[in-house]
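**Q** Quick one: structure below, then a few questions.
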């Protein structure tokens, strides 16, 4: 007998769409706004994007007439960068809108990320293929990759692929770097006189691709609910055993959005917010001391347990460590061959010390040996330290233990400090999408096709008012150049979409700051449990605390 499980049941879920884009495709048109400007470095960006800079915000509206919407099209889609729950539903939204406009239209999926476009590796996504992936996690329908289309040869190869396959538009589903690449590709096609359009879709569980019009990046909702379940499970265990301090590092690259949302959902004993560390110019020793203070205070009440949340990118926000990392990145960019020639990790460690300035050399030497080694691991595609590989939670455990031992010798601490360390990362990237992400991603994909049908290029799909029910959502797109600035990469200035960090004046951080002392003093754990897909709205359709607070829907 055939068994039914969550996966087969989720295939049948019908995602919700904003009202304005539910009708006849040919009746959905644009309501253009005013021309836009980049966040900064406007003159440099205007030169870089001479053909696509400064376009107006475009909102999709029902009730018009767009005769070009129903022409047959061939559209290519790319999944770029790390996985995020809901990617399959973005493709489903594109597919359904494309076929609804004209059943003869074709959707091609480029395999393995942007390299699939460069190398012309693809499959056709048919209804038989698409129906196996609706409302599921992962990117396995076509795979993903981190290739950047940067060189003249890569751009020319992408152009050839589009011309050979008569591709009318390419949709790039990715984060800030991937959508920067989409903007450059859009500019290139226009400059070459090609008609191939390029549209982006905002993806990243990190939550750092957001602004007034991109209220949240897809996958964030599912990821933080998955992590919060795990954190809650650890809290329940800590409160049961009452003998361990759990240090949990949470994925999130640079920004602390994931850590903050998980703290709001689970009320841990202690949570570090990297952006606050940077603003207050806290030293590593000050952070360690603050954690040790909480451990000692709870020990005096006989509570030798707790949960500490650590954002993945913390180390580069600590001012003195950030300066150290910056100098390491510069040294590596200038003399990668010299570093490689040093040979062994020990020799490379010594080689770097001779290159660092006095203060940075001292800070580097003061770090635990394993952390120094991790700072010298393989660089990311931009030549920078991969902070995700640095086991910050282990570093903090070691340094807090040393602090407590000093207090013990001074007679100011007499507790027990038994620890467990965790890293929650890949557990959240391919989870079954929450109802929110299933709906949001489908809407983003559907809107992306509608932007194409209305002749746009160099835009990113946008769905707004997302803390409200889908009946009140509005869809459209914003120019990718509107989100950009110039940043130092590999020793030279390059256009990038600016990462959105936690705003310390924002409602989510203020809520956290109001309660964290109470959570530190008194065990206040909350156990969110698993993501729910069926039941009342407040259980299965509730957006994140961050989104509700940002939109003023929670007091």
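**Q** Return the only residue of 382, 422 being touching a strand residue (DSSP E or B) at 6+ places or on another chain (Cβ under 7 Å), surrounded by fewer than 20 Cβ atoms within 10 Å (Cβ to Cβ), at pLDDT below 95 and farther than 30 Å from residue 15 by Cβ.
**A** Details: 422 fails: at pLDDT below 95.
Only one candidate qualifies: 382.
**Q** Report, by residue number, each residue of segment 272-314 that is assigned to a strand (DSSP E or B) and either free of Cβ contacts under 8 Å to residues at least 24 places away in the same chain or within 14 Å of residue 259 (Cβ to Cβ) (or both). Step through it out loud before you land on a result.
**A** Step one: filter segment 272-314 for residues assigned to a strand (DSSP E or B), giving 306-311.
Within segment 272-314, 307, 308, 309, 310, 311 qualify.
**Q** Could you say whether any residue in segment 493-515 is free of Cβ contacts under 8 Å to residues at least 60 places away in the same chain, over 24 Å from residue 277 (Cα atoms) and in contact with a strand residue (DSSP E or B) (Cβ under 7 Å, 6 or more places away or on another chain)?
**A** Taking every residue of segment 493-515 in turn, at least one turns out to be free of Cβ contacts under 8 Å to residues at least 60 places away in the same chain, over 24 Å from residue 277 (Cα atoms) and in contact with a strand residue (DSSP E or B) (Cβ under 7 Å, 6 or more places away or on another chain).
**Q** If residue 31 satisfies every condition in (1) exposed (fewer than 15 other Cβ atoms within 10 Å of the Cβ); (2) in a loop (DSSP other than H, G, I, E, B); (3) in contact with a strand residue (DSSP E or B) (Cβ under 6 Å, 6 or more places away or on another chain) but one, which is the exception?
**A** So the condition that residue 31 fails would be (2).
**Q** Inspect segment 315-331 for any residue being in a helix (DSSP H, G or I), in contact (Cβ under 8 Å) with a residue 12 or more places away in the chain, over 30 Å from residue 252 (Cα atoms) and not assigned by TED's automatic domain parsing to the domain that holds residue 207 and give the result as yes or no. Show your work before the answer.
**A** Here is the first cut: in segment 315-331, the ones in a helix (DSSP H, G or I) are 315-317, 319-331.
Then keep just the ones that are in contact (Cβ under 8 Å) with a residue 12 or more places away in the chain; that gives 315-317, 319-325, 327-331.
Checking the rest, the ones that are also over 30 Å from residue 252 (Cα atoms) come to none.
Looking through segment 315-331, none of the residues is in a helix (DSSP H, G or I), in contact (Cβ under 8 Å) with a residue 12 or more places away in the chain, over 30 Å from residue 252 (Cα atoms) and not assigned by TED's automatic domain parsing to the domain that holds residue 207.
**Q** Same structure, new question: State whether the residues of segment 430-438 include one that is at pLDDT below 95, under 25 Å from residue 176 (Cβ atoms) and in a helix (DSSP H, G or I).
**A** So far as segment 430-438 goes, no, none of its residues is at pLDDT below 95, under 25 Å from residue 176 (Cβ atoms) and in a helix (DSSP H, G or I).
**Q** Given the criterion crowded, with 19+ Cβ neighbours inside 10 Å, in the same structural domain as residue 201 (by TED's automatic domain parsing) and in contact with a strand residue (DSSP E or B) (Cβ under 8 Å, 6 or more places away or on another chain), identify the matching residue among 82, 76. Even if it seems obvious, please write down each step before you answer.
**A** Numbers: 82 fails: in contact with a strand residue (DSSP E or B) (Cβ under 8 Å, 6 or more places away or on another chain).
That would be 76, the only listed residue that is crowded, with 19+ Cβ neighbours inside 10 Å, in the same structural domain as residue 201 (by TED's automatic domain parsing) and in contact with a strand residue (DSSP E or B) (Cβ under 8 Å, 6 or more places away or on another chain).
**Q** Moving on. Can you tell me which residue among 45, 17 is surrounded by 20 or more Cβ atoms within 10 Å (Cβ to Cβ) and touching a strand residue (DSSP E or B) at 6+ places or on another chain (Cβ under 6 Å)? Break it down stepwise before answering.
**A** Working: 17 fails: touching a strand residue (DSSP E or B) at 6+ places or on another chain (Cβ under 6 Å).
Criteria check complete, one pass: 45.
**Q** Another question, then. Can you name the residue in segment 118-145 that is in contact with a strand residue (DSSP E or B) (Cβ under 6 Å, 6 or more places away or on another chain) and in contact (Cβ under 8 Å) with a residue 60 or more places away in the chain and, of all such residues, is farthest from residue 198 (Cα to Cα)?
**A** 139
**Q** Within segment 252-274, which residues are closer than 22 Å to residue 531 by Cβ and at pLDDT below 95?
**A** 252, the sole residue that qualifies.
Condition check ((1) surrounded by fewer than 21 Cβ atoms within 10 Å (Cβ to Cβ); (2) in a loop (DSSP other than H, G, I, E, B); (3) free of Cβ contacts under 8 Å to residues at least 40 places away in the same chain) across all residues:
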position	(1), (2), (3)
93	no, no, no
100	yes, no, no
116	no, no, yes
148	yes, yes, no
167	no, yes, no
173	no, no, no
180	no, no, no
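**Q** Would you point out which residue out of 82, 63 is outside any strand (DSSP E or B), under 29 Å from residue 227 (Cα atoms) and either without any contact (Cβ under 8 Å) to a residue 40 or more places away in the chain or in contact with a helix residue (DSSP H, G or I) (Cβ under 8 Å, 6 or more places away or on another chain) (or both)?
**A** Details: 63 fails: under 29 Å from residue 227 (Cα atoms).
The unique qualifying residue is 82.
The values are calculated or read from the model by the stated rules, or taken from the named source; none is laboratory data. All values derive from a computational prediction rather than experimental measurement. Positions of Cβ are generated from backbone atoms using ideal geometry, with glycine treated the same way; all protein chains shown enter the neighbour counts.
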